[in-house]
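Engineer: The following block contains the structure, expressed as structure tokens.
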Protein chains: 2
Amino acid sequence: MGTSPAPDYQLEDQVGHLLRRAYQRHLALFQGIMGEDGPTSMQFAALVTLWRQGPLSQNLLGRGLAMDPPTVKGVVARLMARGWVTRHRDPADARLLRVALTPAAEAALPGWVEKARGITAATLAPLGPADAARVGTLLRRME
Amino acid sequence: MGTSPAPDYQLEDQVGHLLRRAYQRHLALFQGIMGEDGPTSMQFAALVTLWRQGPLSQNLLGRGLAMDPPTVKGVVARLMARGWVTRHRDPADARLLRVALTPAAEAALPGWVEKARGITAATLAPLGPADAARVGTLLRRME
DNA sequence: TGGCTATCGTTAGCCTGCAAACAATCGGCT
DNA sequence: AGCCGATTGTTTGCAGGCTAACGATAGCCA
């Protein structure tokens, strides 16, 4: 006679589970719309950040994206391998690695941003415009 | 003269980014409250599901948790290593691997569920009760 | 019976994420 | 000059997550 399962703890009702599921669906939409040749979700986030802010140190880039150093390193390495980013030591401060977009990435970014708008729209599609705005506000307060 | 960055595409406003950040914060709270000796987020989800539903095949367990087969395999392997779960071939259907809780896990589960309630509360703490309910409803519609 | 198809699980390979320990560099302060 | 603390990046090791390709079993149906 083990303890009986807590009858009022429903996994499917927990915020954590709901957040994971919603993010999971978003990532699937991202990959589907961006396609094989496009960047992954985090790769795109890094590229857009570099586009808007110009070359950044690995560390600063990571901070803007809420990624810890080992993760940034991996993402940047894959961006380099794909030819979308270069990495050089900062001459003024030898600790920094300046990450910069390549021309290829700059050329592709406008198209990717358009797709990204579609991805956001698809993620929010089940909600009306008013609820889409609401969920944005609420999630921002939960960060 | 590269194309100028899309001025109205703000990464921080995209649902995907907000979902990731909120989930990230939730996981940090989970780990902090559950502690070193407790299960991880997904390990706990698996254990609770087995508690409520009884022994399940690996596949069914994964379906209940929205995990694909390779991921389930890893989670179950770690649960076995921690002594919280056993795994046996189903005598009636040789394809199935029946996963079942150990007495150790059953004994610990009530305490873990209590902590899990605290984790949900902590995740939703920035919101009032009304907004907490709202975000649940909205996320469920986005799944 | 024999074969077809569906289901279940595994492997390999890739990507994201975290903590902890470590090396290198910089800046300031003595 | 010399030291110390802060910052930056790396490595290692672990956990989760996906696709694609593959073997084994079960169930059905000709």
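Nothing in this text is a laboratory measurement; each read-out follows from the coordinates by a stated rule. These numbers were taken from a predicted model, which means no experiment stands behind them. Cβ atoms come from the backbone with ideal geometry, glycine included; neighbour counts cover every protein chain shown.
Engineer: Measuring label to label, 7 Å along Cα→Cβ, what does B:P126 give against each other copy in nm, shortest first?
Structural biologist: Here the equivalent label points are 2.2 nm apart from this one.
Engineer: A further question on this structure: Given only helices, namely DSSP H runs of n ≥ 4 each adding -39500 (n - 2.57), what is the per-residue ellipticity at 222 nm of chain A, to the nearest 500 deg cm²/dmol?
Structural biologist: -20500 deg cm²/dmol
Engineer: When each copy gets a label point 7 Å from Cα toward the beta-carbon at A:D8, what are the spacings between them in nm, shortest first?
Structural biologist: Distances between equivalent label points, in nm: 4.8.
Engineer: I would also like to ask the following. Hey, how many Å between the Cα centroid of region A:18-54 and the Cα centroid of region B:4-38?
Structural biologist: One Cα centre to the other: 13 Å.
Engineer: Still on this structure: Just to verify a number: FRET efficiency for A:A104 and B:D131, C-beta to C-beta distance, R0 = 35 Å, to 0.05?
Structural biologist: For A:A104 and B:D131, the calculated efficiency is 0.20.
Engineer: Between the label point of A:D68 and that of the same position in each other copy, find the distances and list them shortest first in nm, with every label point placed 7 Å from Cα along the Cα-to-C-beta direction.
Structural biologist: 2.5
Engineer: Using label points projected 7 Å from each Cα along Cα→Cβ, tell me how many nm separate B:R140 and B:E114, to one decimal.
Structural biologist: Those two pseudo-labels are separated by 2.8 nm.
Engineer: Check each of the trypsin sites (Lys or Arg not before Pro) in region A:83-141 and keep only those in coil by DSSP with at most 14 other C-beta atoms within 10 angstrom; list them in order.
Structural biologist: For trypsin sites (Lys or Arg not before Pro) across region A:83-141 that sit outside H, G, I, E and B with at most 14 neighbouring Cβ atoms in 10 Å, the list reads A:R95.
Engineer: Now, a different point. Under Stokes-Einstein, with the Kirkwood radius over Cα pairs standing in for Rh, what whole-number D in µm²/s applies to region A:39-126 at 37 °C and 0.692 mPa s?
Structural biologist: The diffusion coefficient I find is 244 µm²/s.
Engineer: Could you name the residue in chain B with the C-beta closest to the rotation axis that superposes chain B on chain A, along with the separation in whole Å?
Structural biologist: B:Y23, 3
Engineer: Let me ask you something else. Could you work out the relative contact order of chain B? I mean the mean sequence separation of Cα pairs under 8 Å and 6+ apart, divided by the number of residues, in percent.
Structural biologist: Relative contact order, chain B: 22 percent.
Engineer: Per residue and in Å³, how big is the convex hull formed by the alpha-carbon atoms of the protein assembly as shown?
Structural biologist: Normalising the Cα hull of the protein assembly as shown by residue number yields 162 Å³.
Engineer: Still on this structure, I have one more. Between A:L96 and B:D13, what's the calculated FRET efficiency when r is the beta-carbon distance and R0 is 22 Å? Round to 0.05.
Structural biologist: Computed FRET efficiency for A:L96 and B:D13 comes out at 0.15.
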